[in-house]
Amino acid sequence: MGESKWYWAILDGWAMSIRSLKHIFREAESLLMAVGLPVAIMIMFVYVFGGAIQTGTDYVNYVVPGVIITCVGFGSSIIALSVTQDMVGGLFERFRTMPLLPSSLMVGHVFGGFVRNVIATTVAILVAFLIGFRPEAGWLEWLGVIGVLTLFMLSISWVFVVFGLLVKSVEAANAITFPMLFLPYLSSAFVPTETMPSWLHAFAENQPMTPLIETLRGLLLGTPIGHNHWLMIAWFGGLLIVSMIVATFLFKHRKSE
Amino acid sequence: MTEPVISVKNIKKNFGKKTVLDGLQFEVAKGSIFALLGENGAGKTTMVRILSTLIQADSGVATIGGYDTNRESASVKKLISLTGQYAAVDELLTGEENLLMMGRLNHLDRQTVKKRTAELLEQFDLKEAAKKRAQSYSGGMRRRLDIAISLIANPQVIFLDEPTTGLDPRSRKNMWNMIQRLAESGVTIFLTTQYLEEADQLADKIAVISRGKIVEEGTATELKRLVGEEKIEFTFADLPSCQKALDLLGGQIDVNEMSITITTESSPENIRQLLNMLYESSIHPASFIFRKPTLDDVFMEITSDHKKGAVVNG
Ligand SMILES: Nc1ncnc2c1ncn2[C@@H]1O[C@H](COP(=O)(O)OP(=O)(O)OP(=O)(O)O)[C@@H](O)[C@H]1O
Ligand SMILES: [Mg+2]
């Protein structure tokens, strides 16, 4: 064994990523949901509620960042299901009796989720353009958007890996991810937080989705960002590190069961 | 005896307050087939999971190829492969893709993976289904793929946890043939089963596990000698006749079934004698059948040895 541990770790991660990639295109239902749901939400908000919500700008411009993160949140939540599926089936045990780095399995899932998210987000943005989304971002701001979304996707994906490892059945995975999908609604994603009752307003102002959305909005539309980008990096960078550590711990913990 | 490739010494395992393994001890010779025979919940899977490095025993030592399954699990993993009780195939991948992926994850080089995949698809009669997704496979095909996957890296020791549970009789026979061929190629096979017949057909050595202990160990012939070759079971219309027959012929009584079971030879002469004895004592059986010894019989025999005397069942 001349090759280093890292060499194999990368190859294993790659093999697992290929696997997850095949999965996302073969689970047509999940992919359709991941792509279709955000588009449906966007159309509903723009055409149904949009007229009634005062945001100071064109509502479609206001709502696109929120739709994108809902989209990413939903796309990533599927990861929890696939992780649980591997755990309850015998596959997980087989992987663990093989001489491969266990985290490569999780890396594969995160990668698959990432690709699914990129597809869904791209479609959502294209549709947004079709229905009148007109951002003011230059290429530098778009790069910023890509960076922000990548950080968000990775951290939220690892959170869902943790969820997938925590539960013992696919149904439970479904149940535990559900509340997470509501978080964007309790932020400035779809309506300005000032319109909410004060207790909800306090929550919405201080939960991680709000700085994320304000950063995206700032980059896309030129609204003031303030400290939001730092808050966002702290939240999701922290979440990424914590959930990776927790995932690794849970993985080991399940082993000694 | 050749050097043992698996050696298990005084292995104990509790889950919470429940003792599942209570000091197991056995050795498996290189290139042999070893069967761990036991009922549901006897602890077979638990033993397999300890040996295949998935869980740790509370105490005791298990080694494979001289490596400790706990402290040297990385070296153990290179020697073994596990085919668990529930098929571990990726449903969304095709049979071929499953094999290719597992080959890659076992750190074989590209050429070897391709070559082994083609060989195994051929050998396990999966060539036609190679490009179909595993989710469309029948139970038997899935099992075959499962075992093919575990052979991809040419392991020296293979664990098969109830390899034929849920298979129809024909697939079961095929599986037996396959396991035998594997053993002929020099691989050591550790299998678990609930069927005495299966252990009998395949294993060079059988260990019977019950309530966390190995209660009997030996070759199939030795175990059978313990149990007797054939059984005859008389059923009666009422309990008093059943009792009388028991006094006359001995054996084991099953009060619920109103039957007695006697170990005997199945020669016509023998049957005539038994029937005559009953007739002369005016005991009239309602029916009788011959049957092969079952796992139940092994347990009954073993427990009756310990308690000295007939076991009353039910
Ligand atoms: N992780 C666990 N936590 C708690 N109890 C467990 C665990 N795994 C197994 N057990 C218990 O240990 C006992 C032995 O289980 P095991 O799976 O080893 O039996 P088995 O012989 O393989 O049975 P079967 O023929 O049903 O597969 C069972 O009573 C089971 O409930
Ligand atoms: Mg079992």
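Tell me yes or no: at least one residue of segment A:57-74 is of a type in the set (A, V, I, L, M, F, W, C), within 14 Å of another protein chain (Cβ to nearest Cβ) and touching a Phe, Trp or Tyr at 6+ places or on another chain (Cβ under 9 Å).
Scanning segment A:57-74, I find no residue that is of a type in the set (A, V, I, L, M, F, W, C), within 14 Å of another protein chain (Cβ to nearest Cβ) and touching a Phe, Trp or Tyr at 6+ places or on another chain (Cβ under 9 Å), so the answer is no.
Looking at segment B:30-39, can you tell me whether even one residue there is β-branched (Val, Ile, Thr), more than 14 Å from ligand 2 (Cβ to nearest atom), buried (at least 16 other Cβ atoms within 10 Å of the Cβ) and more than 14 Å from chain A (Cβ to nearest Cβ)?
yes
Looking at (1) within 16 Å of ligand 2 (Cβ to nearest atom); (2) open to solvent by 60 Å² or more (accessible area, probe 1.4 Å); (3) over 30 Å from A:HIS23 (Cα atoms), which one does B:ARG71 not meet, given that it meets all the others?
Going through the list (1) within 16 Å of ligand 2 (Cβ to nearest atom); (2) open to solvent by 60 Å² or more (accessible area, probe 1.4 Å); (3) over 30 Å from A:HIS23 (Cα atoms), B:ARG71 breaks only (1).
With within 16 Å of ligand 2 (Cβ to nearest atom), over 16 Å from the mean Cα position of the chain (by Cα) and within 20 Å of B:ALA87 (Cα to Cα) as the only criterion, which of B:ASP125, B:ASP161, B:ASP146 stands out? Steps first, please.
Working: B:ASP125 fails: within 16 Å of ligand 2 (Cβ to nearest atom); B:ASP161 fails: over 16 Å from the mean Cα position of the chain (by Cα).
One residue alone meets the criteria, B:ASP146.
For (1) closer than 30 Å to B:ALA57 by Cα; (2) of a type in the set (D, E, K, R); (3) in the same structural domain as B:VAL48 (by TED's automatic domain parsing); (4) at pLDDT below 95, each residue gets a yes or a no:
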| position | (1), (2), (3), (4) |
| --- | --- |
| B:SER75 | yes, no, yes, yes |
| B:LEU82 | yes, no, yes, yes |
| B:GLU91 | no, yes, yes, yes |
| B:ASN98 | no, no, yes, no |
| B:PHE124 | no, no, yes, yes |
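Would you mind telling me which numbered condition in (1) closer than 24 Å to B:VAL5 by Cα; (2) in contact with a strand residue (DSSP E or B) (Cβ under 6 Å, 6 or more places away or on another chain); (3) within 12 Å of another protein chain (Cβ to nearest Cβ) B:ILE55 fails?
The number of the failed condition is (2).
Here are the criteria: (1) in contact with a Gly (Cβ under 9 Å, 6 or more places away or on another chain); (2) farther than 28 Å from B:ASN10 by Cα. Tell me which single one B:ARG225 does not satisfy.
The number of the failed condition is (2).
Where the second residue is part of a helix (DSSP H, G or I) and within 16 Å of ligand 2 (Cβ to nearest atom) and the first is more than 14 Å from every other protein chain (Cβ to nearest Cβ) and under 15 Å from B:LYS205 (Cα atoms) and lies in segment B:183-195, which pairs have Cβ atoms under 6 Å and are six or more apart or on separate chains?
Between residues of segment B:183-195 that are more than 14 Å from every other protein chain (Cβ to nearest Cβ) and under 15 Å from B:LYS205 (Cα atoms) and residues that are part of a helix (DSSP H, G or I) and within 16 Å of ligand 2 (Cβ to nearest atom), the close pairs are B:THR192/B:LYS44; B:THR193/B:ALA199.
Only one of (1) away from ligand 1 (no atom under 16 Å from the Cβ); (2) out of contact with any Leu (no Cβ under 8 Å at 6 or more places or on another chain); (3) not aromatic (Phe, Trp, Tyr) is not met by B:VAL157, so which one is it?
(2)
Given the condition at pLDDT 90 or above, more than 19 Å from A:GLN207 (Cα to Cα) and open to solvent by less than 30 Å² (accessible area, probe 1.4 Å), answer yes or no: does some residue in segment A:166-188 qualify? It would help to see each step written out before you state the result.
Taking segment A:166-188 as the starting set, the residues that turn out to be at pLDDT 90 or above are none.
The answer is no, given that none of the residues of segment A:166-188 is at pLDDT 90 or above, more than 19 Å from A:GLN207 (Cα to Cα) and open to solvent by less than 30 Å² (accessible area, probe 1.4 Å).
Looking only at segment A:130-145, filter to residues that are surrounded by 13 or more Cβ atoms within 10 Å (Cβ to Cβ) and among the hydrophobic types (A, V, I, L, M, F, W, C); which one of those is nearest to the chain's Cα centre (by Cα)?
Out of the qualifying residues, it is A:VAL145.
Tell me, which residue of segment B:1-19 that is open to solvent by 20 Å² or more (accessible area, probe 1.4 Å) and in contact with a strand residue (DSSP E or B) (Cβ under 6 Å, 6 or more places away or on another chain) is nearest to B:ASP68 (Cα to Cα)? Walk me through it before giving the result.
Within segment B:1-19, the first condition is being open to solvent by 20 Å² or more (accessible area, probe 1.4 Å), and the residues that meet it are B:1-4, B:9-10, B:12, B:14-19.
Filter again for in contact with a strand residue (DSSP E or B) (Cβ under 6 Å, 6 or more places away or on another chain), leaving B:1-2, B:4, B:9-10, B:12.
Details: B:MET1: 21, B:THR2: 19, B:PRO4: 14, B:LYS9: 11, B:ASN10: 14, B:LYS12: 15 Å.
Ranking the candidates gives B:LYS9 first.
Filter segment B:201-211 down to the residues that are surrounded by fewer than 22 Cβ atoms within 10 Å (Cβ to Cβ) and within 12 Å of ligand 1 (Cβ to nearest atom) and list them by number.
First, pick out the residues of segment B:201-211 that are surrounded by fewer than 22 Cβ atoms within 10 Å (Cβ to Cβ): B:201, B:204-205, B:210-211.
The answer is B:SER210, B:ARG211.
Which residue, of B:GLU39, B:GLU27, B:GLU128, is acidic (Asp, Glu), in the same structural domain as B:ILE158 (by TED's automatic domain parsing) and within 24 Å of B:LEU145 (Cα to Cα)? Full working, then the answer.
Values: B:GLU39 fails: within 24 Å of B:LEU145 (Cα to Cα); B:GLU27 fails: within 24 Å of B:LEU145 (Cα to Cα).
The match here is B:GLU128.
Could you please find all residues in segment B:75-99 being over 27 Å from the mean Cα position of the chain (by Cα), open to solvent by 10 Å² or more (accessible area, probe 1.4 Å) and at the interface with another protein chain (Cβ under 9 Å from one of its Cβ atoms)?
B:LEU92, B:GLU97
Filter segment B:160-184 for residues that are closer than 21 Å to B:LYS77 by Cβ and not aliphatic (A, V, I, L, M); which is farthest from ligand 1 (Cβ to nearest atom)?
Step by step, filter segment B:160-184, then rank; the result is B:PRO163.
Considering segment B:55-81 alone, what residues qualify as being more than 12 Å from B:LYS9 (Cβ to Cβ), of a type outside the set (Val, Ile, Thr) and touching a Lys or Arg at 6+ places or on another chain (Cβ under 6 Å)?
The answer is B:ASP58, and nothing else.
The values are calculated or read from the model by the stated rules, or taken from the named source; none is laboratory data. Keep in mind that what you see is a predicted model, and the values were worked out from it rather than measured. All Cβ positions, glycine included, derive from the backbone under ideal geometry; neighbour counts span all protein chains shown. When the accessible area is computed, the model is the full protein with side chains, heavy atoms only, and any ligands, DNA or RNA have been set aside. Shrake-Rupley method; radii C 1.70, N 1.55, O 1.52, S 1.80 Å.
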